[in-house]
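**Q** Take this structure first; my questions come after.
Rule-based calculations on the coordinates, nothing more; no lab input. This structure is a prediction, so every number in the text was calculated from the model and none was measured. Glycine gets a Cβ as well: all are built from the backbone with ideal geometry, and neighbour counts include every protein chain shown.
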Amino acid sequence: MMTIPEISQKLFAAKKAKGLSFADLESVLGRDEVWIAALFYRQASASEEEATKLLEALGLSLDLVPELVSSTVKGLGPIVPTDPLVYRFYEIMQVYGMPMKEVIHEKFGDGIMSAIDFTLDIEKVEDPKGDRVLVTMNGKFLPYKKW
């Protein structure tokens, strides 16, 4: 089971108490809702201005600013995720990871998609057969350097 940092617990509790969504916080911070959610989980770092705006919007102490601006250790760790939604993405990579790699190499050459110069968008697509989740990953292609 993933351990949620104490600051994350405070952020989520304040967000819930205020009745805010990540989309609401998007207008406060001028950042995408997925990036803000990553900040909540400490998978991203805020500037001092962003941290201050977020904490003020949530009614939390500005004493938390240094923790929100600090560099973080990213990732889930060396575990197979057990949360069903997170596991589905792990499963997608198990099944489609190598095919995606082959198609990317065919189109771009030998390299990777950046997870640093990267955006991730999540949209709800209404469908009479059941609503759909549209996930768009957009990363800069980085060719492997030859030397």
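**Q** For ASP83 paired with VAL34, estimate the spin-label separation in nm (one decimal), with each label point 7 Å from Cα along the Cα-to-Cβ line.
**A** So the two model labels end up 1.5 nm from each other.
**Q** Could you work out how far helix 48-58 tilts from the main Cα principal axis of the chain, as a 0 to 90 degree angle to the nearest 10?
**A** For helix 48-58, the angle is close to 60 degrees.
**Q** So, one more: Can you give me the relative contact order of the chain as a percent, contacts being Cα pairs under 8 Å and 6 or more apart?
**A** Details: 141 pairs, mean separation 24.0, N = 147.
That works out to 16 percent.
**Q** Would you mind checking which residues have amide H under 5 Å from GLY111's amide H? H placed 1.01 Å from N; only 5 or more apart, or other chain.
**A** TYR144
**Q** How long is the gain from ILE7 to GLU91 if the chain were fully straight, where each residue apart is worth 0.36 nm and the alpha carbon distance is subtracted? Could the numbers behind the result be given before it?
**A** Working: separation 84, 0.36 × 84 = 30.24 nm, distance 2.94 nm.
Stretched out fully, the ILE7 to GLU91 stretch lengthens by 27.3 nm.
**Q** Between THR119 and GLU67, what is the label-point separation in nm under the 7 Å Cα-to-beta-carbon projection?
**A** 3.1
**Q** Another one. Which option, (i) 51, 50, 31; (ii) 58, 35, 32; (iii) 42, 31, 28, is the value of Cα extents along the principal axes in Å that was calculated from these coordinates?
**A** Among (i) 51, 50, 31; (ii) 58, 35, 32; (iii) 42, 31, 28, the one calculated here is (i).
**Q** For a protection proxy built on the mean count of beta-carbon atoms within 10 angstrom, sort 62-69, 131-138 highest first, please. Show your work: numbers first, answer last.
**A** Details: 62-69: 14.9, 131-138: 10.0.
Averaged packing, sorted descending, gives the order 62-69, 131-138.
**Q** Shifting gears a bit: Mean residue ellipticity at 222 nm from the helices of the chain, using -39,500 (n - 2.57) per DSSP H segment of n ≥ 4 over the full residue count, to the nearest 500 deg cm²/dmol?
**A** Numbers: 6 runs with 70 residues, N = 147.
The helix contribution divided over the chain gives -14500 deg cm²/dmol.
**Q** For the stretch 6-69, taking Cα atoms only, what is the radius of gyration to one decimal and the Dmax to the nearest whole Å?
**A** Considering the stretch 6-69 through its Cα atoms, Rg and Dmax are 10.1, 25 Å.
**Q** Quick one: if the Förster radius is 25 Å, what FRET efficiency do TRP147 and GLU106 give, using the C-beta to C-beta distance and rounding to 0.05? Before the final figure, lay out the partial values.
**A** Working: r = 24 Å, r/R0 = 0.97.
The computed FRET efficiency comes out at 0.55.
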